[in-house]
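The values are calculated or read from the model by the stated rules, or taken from the named source; none is laboratory data. Since we're looking at a predicted model, the values are computed, not measured. FYI the Cβ positions are ideal-geometry reconstructions off the backbone, even for glycines, and counts take in every protein chain you see.
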Amino acid sequence: MGAKASVTAVRKLPPITHLDRAPRRKWLEVIEVPQGRGASRSLAHLGVVVSERLRVRAVAPWGGPILVDVGGTTVAIGRCLASRIKVRLVRRDRAGDETCRS
């Protein structure tokens with residue numbers, strides 16, 4: 001005769017990580033970019049701005065750059081700069097965009 005407690009599903013937000021640690025071929029949303037004038041300007045020219053969606057295409061070995069698909073093009077971002085960009089996993093709405101095709 002105990003009352004059943006109502007359980008509401010709490011939507012868990014995806015974890016926030018840095019771009020250099022993000023998984024490959026998954027859609028990500030940029031949460032924060034470095035605030036330095038040169039860094040933020042360079043990233044803006046590449047299309048990497050807050051709220052932009054992107055995905056990691058490849059990671060070069062031995063600390064090399066990270067290739068990122070953003071805005072319909074692929075750009076290389078140095079590992080040091082990528083380590084200062086915060087991103088989170090997102091679900092892509094359009095069909096067929098779930099994986100990155102090389």
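Structure data summary
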{"read-out": "Those residues of segment 34-45 which are under 13 Å from A82 (Cβ atoms) and outside any helix (DSSP H, G or I), in sequence order", "value": "P34"}
{"read-out": "Whichever residue in segment 6-31 is of a type in the set (K, R) and farther than 19 Å from G72 by Cα and, among such residues, is modelled with the lowest pLDDT", "value": "R11"}
{"read-out": "Hits in segment 78-95 - residues which are assigned to a strand (DSSP E or B) and in contact with a helix residue (DSSP H, G or I) (Cβ under 7 Å, 6 or more places away or on another chain)", "value": "V87"}
{"read-out": "Segment 57-69, subset of a type in the set (A, V, I, L, M) and out of contact with any helix residue (DSSP H, G or I) (no Cβ under 7 Å at 6 or more places or on another chain), residue surrounded by the fewest Cβ atoms within 10 Å (Cβ to Cβ)", "value": "A60"}
{"read-out": "Residue in segment 58-72 that is more than 22 Å from R91 (Cα to Cα), modelled with pLDDT of 90 or more, assigned to a strand (DSSP E or B) and not polar (S, T, N, Q) present", "value": "no"}
{"read-out": "Tabulated pairs, segment 15-33, first touching a residue at least 40 places away in the same chain (Cβ under 8 Å), second of a type in the set (G, A, S) and in a loop (DSSP other than H, G, I, E, B), C-beta under 6 angstrom, 6+ apart or interchain", "value": "H18/S83; D20/S83; L28/A22"}
{"read-out": "Filter result for V48 (part of a loop (DSSP other than H, G, I, E, B), within 13 Å of V68 (Cα to Cα) and either under 10 Å from the mean Cα position of the chain (by Cα) or hydrophobic (A, V, I, L, M, F, W, C) (or both))", "value": "yes"}
